[in-house]
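Inspection log for the structure reproduced underneath, given as structure tokens.
The values are calculated or read from the model by the stated rules, or taken from the named source; none is laboratory data. Keep in mind that what you see is a predicted model, and the values were worked out from it rather than measured. Don't worry about glycine lacking a Cβ; one is built from the backbone with ideal geometry, like all the others, and counts go over all protein chains shown. Accessible surface areas use protein heavy atoms only, side chains included; no ligands, DNA or RNA. Shrake-Rupley method; radii C 1.70, N 1.55, O 1.52, S 1.80 Å.
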Amino acid sequence: MTDHFRRRLRQPGRYVTLPLASEAIREGQLRWNRTDGWRFALVRDGVRFVVVVGDTETSSPVIVTGWSEIDSWTTAAASDRWLEDDLHAIQLRADLSETPDEQIPLRIRPRAIDRPIEIGPHRITTEAGLASVVCADCRGRYRSKETLLASRCRSQG
């Protein structure tokens, strides 16, 4: 597994674990081959886990990265596995990643995330109705992933 994936395993709000990654590779649906590797997808309780594998020619595939996305909001919300905060965090990450260089205030506005999730150097939260995410540490406000990744967290000196 890559260092990138190891870092993701430790980040709050990622929801991909080593057991889930292994299960996705063994039992998940092979999605497509892209320049970053083969993608395996596994749906559990309304959430799709996607794992990208770079080396499938060996008995120990290299996991490049992984993420979660909402497959069915209704199913996920009805599951005991997910809190509403988790679902908002998963959807917000997906929205920010879908168009990283665009401001997305209308897609941020319905989200409510109380527990900070890490995106770049920031630990962000947001409230329903707010058109930006807020860093829990430096209090900076952001409307795009590109801006989040490009700006230093002012609290980190």
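Values computed for the structure shown
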item: Using alpha-carbon coordinates, inclination of helix 84-98 to the longest axis of the chain, degrees; result: 80 degrees
item: Folded to 0 to 90 degrees: helix 18-27 orientation relative to the chain principal axis, Cα; result: 50 degrees
item: Segment 115-137-segment 41-107 distance, computed between alpha-carbon centres (Å); result: 18 Å
item: Semi-axis lengths, Å, the chain, gyration tensor of Cα atoms, sqrt of 5 times eigenvalues; result: 27, 19, 13
item: Environment charge at residue 73 (Cβ cut-off 15 Å; Lys +1, Arg +1, Asp -1, Glu -1); result: -1
item: Segment 85-144: relative contact order as a whole-number percent, Cα under 8 Å and 6+ apart; result: 31 percent
item: Å² of accessible area per residue within segment 44-157, as computed with a 1.4 Å probe and no ligands counted; result: 51 Å²
item: Debye, to nearest 20: dipole size of the chain, +1 on Lys, Arg Cβ, -1 on Asp, Glu Cβ; result: 460 debye
item: Percent carbon-and-sulfur accessible area, the chain, ignoring ligands, DNA and RNA, probe 1.4 Å; result: 47 percent
item: GNM top mover of 101, 45, 71 - the chain, alpha-carbon springs below 10 Å; result: 101
item: Sum of -39500 (n - 2.57) over DSSP H runs of 4+, divided by residues of the chain (222 nm, nearest 500); result: -8500 deg cm²/dmol
